[in-house]
Amino acid sequence: MTFVIATGGIDISVGAVVAISSATCCVLLGGDISGIPHHPFFVAIICSLLVGVLAGIWNGTLVAKFKIQAMVATLILMTAGRGIAQLMTDGQIITVYYKPFAYIGGNIPGVMLPTAMLIALAMVLLVIFLDKRTSIGLMIQSVGINANAARYSGIKVTAVLFAVYIFSGFCAGTAGLIEGSLIRAANNAGLNMEMDAILAVTLGGTLMVGGRYYIGGTIIGAITIQTLTTTMYAIGVSSDRLPAVKAVVILLIIVFQSEKFKQMYSDYKFKHLKKSENTKEATNA
């Protein structure tokens, strides 16, 4: 999502892609209580990731090739995606009893760290490599700042946009595997996940208008949102009330980060310091 927003776009379909990816894997593995998968495990994983890539190709084609606004283009898949997932599962909750499937969202035997954390770390390292060791990061920023100027300077804007939406779909497909493994079933996964992704990026300091982005800031934003979610559940806040609480906290964080608030705080500190100096001078006199 960071790369997509950095180009001046947005992808609100990632939650639906998570649902499709999760449903794909669960359907291929099957809900046989004996635990015997209908298809090989690696085939199910590859197909789930390919579904995410195909979703990215769809969004990228609409945005880059047909010049449809990103919000409208991804809204199509956001609306249809969950319906597609329901069609794949016939509206049923498919529970997967194949044990290795639980390793993706849990722990691989003999490995202390959760598998999902290792996958997330691998994705972060991949993004950092693309950002720091290749010219992709510079091209993304150039397109986000001024697409026309980037085109005149020789950058293939269409290819850059196409690539970031494909990568977004691939990430959503990976998240779908993890989400499905956590609950070991296809059950409308990824609900409202696109909102958390967008909030993580914006809390990290990346502007919605595109341009410069901050991978480290996005990571901190994601950790902040997940910490807030976990804390609210721990103190007994219901899932129905959680979005309201999350909205208030995030609003406060955004306000505190705004330039206006920083200026007001600086002015307050200056006035307070000036007042203290005047009081000290009066006392000395």
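Using a 10 Å cut-off on Cβ atoms, rank the peptides 267-279, 66-78 from the highest mean neighbour count down.
Ranked by mean Cβ neighbours within 10 Å, highest first: 66-78, 267-279.
Placing one identical point scatterer on every Cα of the chain and ignoring solvent, what is log10 I(q)/I(0) from the Debye formula at q = 0.10, 0.15 Å⁻¹?
Log10 of I(q)/I(0), two decimals: -0.61, -1.19.
Given a 1.4 Å probe and every protein chain left where it sits, what share in percent of the accessible area of the chain is carbon and sulfur?
Roughly 68 percent, rounded to a whole number.
Whole-Hz Karplus ³J(HN,Hα) for region 91-99, in order, using 6.51 cos²θ - 1.76 cosθ + 1.60 and θ = phi - 60°, x for Gly and Pro?
Per residue, the Karplus-derived 3J(HN,Hα) values read x, 9, 8, 8, 8, 9, 9, 6, 4 Hz.
Where the only charges are on Cβ atoms (+1 Lys, Arg; -1 Asp, Glu), what is the dipole of region 143-285 about its Cα centre, to the nearest 20 debye?
Computed about the Cα centre, the dipole is about 400 debye.
If amide hydrogens are placed 1.01 Å from N in the peptide plane, which non-local residues have theirs closer than 5 Å to the one on Ala185?
Long-range HN contacts for Ala185: Val96.
Lys and Arg at +1, Asp and Glu at -1: add these up for the other residues within a Cβ distance under 12 Å of Val157 and post the number.
Neighbourhood net charge equals +4.
Per residue, how much accessible area does the chain show when a 1.4 Å probe rolls over the protein heavy atoms, in square angstrom? Can you show the working numbers first?
Working: 16150 Å² over 285 residues.
Value returned for the chain: 57 Å² of accessible area per residue.
Treating only the Cβ atoms of Lys and Arg (+1) and Asp and Glu (-1) as charged, compute the dipole magnitude of the chain about its Cα centre; round to the nearest 20 debye.
That gives a dipole near 800 debye.
Answer with one residue from Ile76, Gly110, Val160: the one whose Cα lies farthest towards the positive end of the charge dipole of region 61-204, charges on Cβ with Lys, Arg +1 and Asp, Glu -1.
Going by the charge dipole, the pick is Val160.
In region 175-282, with Lys and Arg counted as +1 and Asp and Glu as -1 at Cβ, which of these residues, Thr230, Gln263, Ala244, has the Cα nearest the positive end of the dipole, that is, farthest along it?
Gln263
Work through the residues other than Thr2 whose Cβ is under 15 Å from its Cβ and net out their charges, Lys, Arg +1 and Asp, Glu -1. Can you show the working numbers first?
Working: positive: Lys132, Arg212; negative: Asp11, Asp131, Glu194, Asp196.
Here the charged neighbours net out to -2.
Sort the following peptides by mean Cβ neighbour count (other Cβ atoms within 10 Å, averaged over residues), highest first: 45-58, 16-29, 215-228.
So the peptides 45-58, 16-29, 215-228, ranked by packing, come out 16-29, 45-58, 215-228.
Just to verify a number: FRET efficiency for Phe66 and Ser239, C-beta to C-beta distance, R0 = 35 Å, to 0.05?
Plugging the Cβ-Cβ distance into 1/(1 + (r/R0)^6) gives 0.40.
The values are calculated or read from the model by the stated rules, or taken from the named source; none is laboratory data. Keep in mind that this is a model prediction, so the values were computed, not measured. When we count neighbours, we look across all protein chains shown, and the Cβ atoms used for this are built from the backbone with ideal geometry, even at glycine. Ligands, DNA and RNA are stripped out before the accessible areas are found, and what is left, the full protein with its side chains, is counted by its heavy atoms. Shrake-Rupley method; radii C 1.70, N 1.55, O 1.52, S 1.80 Å.
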